[in-house]
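The values are calculated or read from the model by the stated rules, or taken from the named source; none is laboratory data. Computed from a prediction, not measured in an experiment: that's the story for all the values here. Glycine also receives a Cβ, built like all others from the backbone with ideal geometry; neighbour counts cover every protein chain displayed. Areas reflect the complete protein model, heavy atoms only, side chains present, ligands, DNA and RNA absent. Shrake-Rupley method; radii C 1.70, N 1.55, O 1.52, S 1.80 Å.
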Amino acid sequence: GMVDILFYFDLRNEKDEWIKQLSAALPDARIREWKEGDNHHADYAAVFRPPKEVLEHRKGLKAVFNLGAGVDFLLQQGVISPQVPLIRVDDGGMAIQMAEYVTYAVLRYFRRFEDYERSAIQREWKPLPPPDKSTFGIAILGLGVLGLRVAAALRHFNFRVSGWARTPKSIPGIQVFVGASQLPHILRESKVLVCLLPQTPQTRKLLNREVLSMLQPSSYVINIGRGAQLVEEDLLELIHEGHIGGATLDVFEKEPLPLDHPFWSEARITVTPHVSALTLIPETVQQVAKKIEALSRGEPVDGLVDRSLGY
């Protein structure tokens, strides 16, 4: 029979495209955009950063789909009934974008392009010794779908890549460190830290002075996880002291990054406006449509969020 899907997306300019593509992928569904005061029946909700009225006190939902990468916003809002499955988009075209972003940032640091850009402004012809790849370890914190794709991209250039995860994983060509006790071990071997962790109480302010100091001297930090995972003033101090050589940051404690934030004026920090990976509509719609069809047939689906873990 007909299923009713309630839709909400906080970027206004894309909403018509979402609804058009969802309707095409789910011809048997009635899809409606949430408007204030809508408390009519819906079988499923597909949302991104909804106001809390969208899901509060809503009865009869079979599942809620989150259309972005992190579910922290919905979990912090805390209005979805605990019995209703919350389902994340596992990739939605984001993994390859994150691989592009991280590969660019790593190569820019490794090949010293920033130094050459500065030399070129001074019209200086000044070859610099490249770092030794065999001692240039890259630590990827977070080995889900996204972290694994980033690791594969870096392995393509024969970088020494290791990963840090909450639970043991076996990944060819990548040494995996597990749990809080092994975090110091992976950092001591690394020149680059890539943060791709989900936002949870355990990862909040994880990257503080103590942890960042474990990295090798003049190391590099890339954060495309969540801003709250990095203690911003600790990173700045370590850059000023020279222990950390620089950073490329896409996420911040407060977004948009305030105009008077010191990151803007620190030449060794590259700031991007939370663009490392944007949800691609066709890929995400296909995934949501497949999962709704499976759920209607009573089959299990991937990407079920474990609320106790936060992802």
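If you take the residues in region 112-145 that are part of a helix (DSSP H, G or I) and either aliphatic (A, V, I, L, M) or within 30 Å of LEU278 (Cβ to Cβ) (or both), which one is modelled with the lowest pLDDT?
The residue in question is VAL145.
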* Number of the exception - TYR109 against (1) over 13 Å from PHE159 (Cβ atoms); (2) in a helix (DSSP H, G or I); (3) of a type in the set (Phe, Trp, Tyr) -> (1)
* Structure fact -> Scanning region 257-299 for residues that are modelled with pLDDT under 95, open to solvent by 80 Å² or more (accessible area, probe 1.4 Å) and assigned to a loop (DSSP other than H, G, I, E, B) gives LEU278, ARG297
* To do: Could you tell me whether region 85-104 includes any residue that is open to solvent by 20 Å² or more (accessible area, probe 1.4 Å) and touching a strand residue (DSSP E or B) at 6+ places or on another chain (Cβ under 7 Å)?
  => yes
* Taking the options GLU33, GLU53, name whichever one is open to solvent by 60 Å² or more (accessible area, probe 1.4 Å) and acidic (Asp, Glu). => GLU53
* Can you find a residue in region 264-280 that is more than 21 Å from ILE186 (Cβ to Cβ) and of a type in the set (D, E, K, R)? -> yes
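Conditions tested, residue by residue: (1) crowded, with 18+ Cβ neighbours inside 10 Å; (2) farther than 26 Å from THR200 by Cα; (3) not acidic (Asp, Glu).
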residue	(1), (2), (3)
SER119	no, yes, yes
TRP125	no, yes, yes
THR135	no, yes, yes
VAL150	yes, no, yes
ARG155	no, yes, yes
PHE159	yes, yes, yes
PRO172	no, yes, yes
PHE177	yes, no, yes
* Among the residues of region 69-78, is there at least one that is modelled with pLDDT under 95, open to solvent by 60 Å² or more (accessible area, probe 1.4 Å) and over 25 Å from the mean Cα position of the chain (by Cα)? -> no
* Kindly list, by first and then second residue, each pair from a residue in region 24-53 that is of a type in the set (A, V, I, L, M) to a residue that is in a strand (DSSP E or B) and open to solvent by 50 Å² or more (accessible area, probe 1.4 Å), limited to pairs with Cβ atoms under 9 Å and residues at least 6 apart or on different chains. => ALA42/ARG32
* Structure fact -> Being open to solvent by less than 20 Å² (accessible area, probe 1.4 Å), modelled with pLDDT of 95 or more and more than 14 Å from ALA139 (Cβ to Cβ) narrows LEU235, LEU183 down to just LEU235
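Select from region 242-256 the residues that are within 17 Å of the chain's Cα centre (by Cα) and surrounded by 11 or more Cβ atoms within 10 Å (Cβ to Cβ) and write down the one among them that is farthest from GLN216 (Cα to Cα).
First, the residues of region 242-256 that are within 17 Å of the chain's Cα centre (by Cα): 247-256.
Filter again for surrounded by 11 or more Cβ atoms within 10 Å (Cβ to Cβ), leaving 247-253, 255.
Details: ALA247: 14, THR248: 17, LEU249: 19, ASP250: 22, VAL251: 23, PHE252: 24, GLU253: 25, GLU255: 29 Å.
The residue in question is GLU255.
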* Output the residues belonging to region 191-217 that are assigned to a loop (DSSP other than H, G, I, E, B) and over 25 Å from HIS274 (Cα atoms). => SER213, MET214, GLN216, PRO217
* Hits in region 273-309 (condition: on the phi > 0 side of the Ramachandran plot and touching a residue at least 60 places away in the same chain (Cβ under 8 Å)) -> GLY303
